1. Taking the Cα centre of the chain as the origin, how large is its charge dipole in debye, to the nearest 20, when only Lys and Arg (+1) and Asp and Glu (-1) carry charge on their Cβ atoms?
2. How large is the direction-averaged shadow of the alpha-carbon convex hull of the chain, in nm²?
3. How far is it, in nm, from the label point at residue 99 to the one at residue 21 when both lie 7 Å from their Cα along the line to the Cβ?
4. Select from 81, 61, 103 the residue farthest towards the positive end of the dipole of region 55-104; place +1 on Cβ of Lys and Arg, -1 on Cβ of Asp and Glu, and compute about the Cα centre.
5. Any idea which of 50, 94, 18 is furthest toward the positive side of the dipole for the chain, if Lys and Arg beta-carbons carry +1 and Asp and Glu beta-carbons -1?
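Since every read-out is calculated from the coordinates, none of them should be taken as a lab result. Remember, it's a predicted structure, so these values are computed and weren't measured experimentally. Reconstructed Cβ throughout: ideal geometry from the backbone, glycine too, with neighbour counts over all protein chains shown.
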Amino acid sequence: MAKSKLFDGIGHPDAIKLFGHRPSFSLLGYYESLAKELSNSNMYADQNSGVARRCSKTASLGMDKELLHVLKNKNIKIITSSDAHCPEDVGDKIRELEICVANA
């Protein structure tokens with residue numbers, strides 16, 4: 001997707017956690033590869049609250065901390081959003097998402 005240069009950003013890059021899937025190995029190499037391609041295509045990454053809101057028992061808020069750290073260290077623009085599908089969800093946990101980005 002990033003290599004195509006057809007998109008401005010990527011949302012939910014690790015949304016598989018929505019279903020409770022956790023790898024048994026480090027994803028650091030994949031995260032670094034993703035960051036490189038996002039940088040080459042001048043794309044942003046979306047740090048949003050939608051996945052955690054939908055599946056709070058299996059998904060954490062926003063992106064995986066290691067992924068967020070890699071993206072931030074590679075100077076990838078990170079935006080925050082609530083992924084609102086109804087008016088009540090607009091702005092949901094934006095402050096917490098911003099804190100996660102600042103602390104990455």
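1. Values: 14 positive and 13 negative charges, 51 e Å.
The dipole of the chain has a size of about 240 debye.
2. Numbers: hull surface 26.6 nm².
Mean shadow area of the hull around the Cα atoms is 6.6 nm².
3. It is 3.0 nm.
4. So the residue we want is 103.
5. The residue sitting most towards the positive pole is 18.
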